[in-house]
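Comments concern the structure below.
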Amino acid sequence: MMPYLKLIRYKNLIIIVLLQCLLRYGLLLPVLAHYGVSPVLSHLRFGLLVLATVLLAASGYVINNYFDVRIDRINHPEKVVVGRHIHRRVALLLHVVLTMAGVFTGLFLAYITRKETYALLFIMVPALLWYYSTTLKKQMLVGNLTIALLTALVPFLVVSFEFATLARVHGSVILQSEACSTAWFWTAGFAFFAFISTLMRELIKDIEDMEGDREAGCHTLPVEMGIGYSKSIVIALAIASVIALWVILAMVPQLRNSSVTWGYFFLFLTIPYLWLGIIVLKAKTKKNFTLASSLSKFIMLMGILFILVARSFFI
């Protein structure tokens, strides 16, 4: 069982589920209640959205591992699953099953919520993930930006489906309401955080895996521009993230007037970001970059858990 869990990268899937559930139940519903709006999207339909998201993400991880066997044998020989613990044909079959299940669930959800335009999204995502695994990830920055954008899409889906169903009940006027603008404001913030955090981690992983990527003919940023330049980009993103956090803190009254937010931003985001920058600056071995990658995951988790703090502003 463990090889299959590693193949679908279950830890990442848990983070996806956590992000969508916290965003809906920890922020979106309190925001709607604060403005006297009753949610329309049922728990079952929200569960289908999470399921579709997880299935498509899992299928993407499987096909990525399938095509990365050669690279992983160089970069992470101890972590190779496909071809060692799971036959390549079985992995490919699992990808097909997960993709079909994810697309079907997404199409069904789009149909029952009467948002047929979303059906195209659930068809395009697995196609994009396949193309990423075969082509985009080998191109400088293109693959990194693709994964970062797909990660940022995860929180947007939660709010988008809710207000799509609300618009069917209340009309388009609900989309002009303060409840809608507030929900989108917070969601955009978390989506942007997810984008930057994922981009940083993808660049760190590229530095960590440069040897295998070069051998496989990948044109990643470290391969094309060197480790020093890549490290500078990661450090710049970390510093920019810290500046953005404190600018937002100063500009948004709800955040500025909360001592809990000040403490949270300082302890769980600012310090880890700065520590990450220092680790990357001094990193010389693969072990150093592995530590930086793990720290970037921690930062993303802390960013997601901030939803619990934001929730207090609306209850």
- Query: What tally of residues in the range 156-174 results from selecting those that are touching a helix residue (DSSP H, G or I) at 6+ places or on another chain (Cβ under 6 Å) and over 14 Å from residue 41 (Cα atoms)?
  - Reply: 2
- Message: Looking only at residues that are part of a helix (DSSP H, G or I) and not β-branched (Val, Ile, Thr) in the range 31-46, which one is nearest to residue 153 (Cα to Cα)?
- Response: 46
- Note: among 18, 28, 55, 49, just one is assigned to a helix (DSSP H, G or I) and either among the β-branched types (Val, Ile, Thr) or surrounded by fewer than 16 Cβ atoms within 10 Å (Cβ to Cβ) (or both), namely 18
- Task: Could you list all residues from the range 210-240 that are under 19 Å from residue 276 (Cβ atoms) and touching a Ser or Thr at 6+ places or on another chain (Cβ under 8 Å)?
- Result: 210, 221, 222
- Provide a single number: the residues in the range 83-126 that are closer than 22 Å to residue 71 by Cα, open to solvent by less than 60 Å² (accessible area, probe 1.4 Å) and not in a helix (DSSP H, G or I). 2
- Got a sec? Which of 11, 79 is modelled with pLDDT of 90 or more, within 20 Å of residue 297 (Cα to Cα) and not aliphatic (A, V, I, L, M)? 11
- Query: Quick one: in the range 31-46, which of the residues that are touching a residue at least 40 places away in the same chain (Cβ under 8 Å) and within 17 Å of residue 102 (Cα to Cα) is most open to solvent (accessible area, probe 1.4 Å)?
  - Reply: 45
- Can you name the condition, by its number, that residue 130 falls short on among (1) under 26 Å from residue 45 (Cα atoms); (2) out of contact with any Phe, Trp or Tyr (no Cβ under 7 Å at 6 or more places or on another chain); (3) open to solvent by 40 Å² or more (accessible area, probe 1.4 Å)? (1)
- What tally of residues in the range 58-82 results from selecting those that are β-branched (Val, Ile, Thr) and part of a helix (DSSP H, G or I)? 5
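The values are calculated or read from the model by the stated rules, or taken from the named source; none is laboratory data. As the structure is a computational prediction, the values presented were derived from the model and not from experiment. Note: ideal-geometry Cβ built from the backbone for every residue, glycine included; neighbour counts use all protein chains shown. Remember, those area values only see protein heavy atoms, side chains included, never the ligands or the DNA or RNA. Shrake-Rupley method; radii C 1.70, N 1.55, O 1.52, S 1.80 Å.
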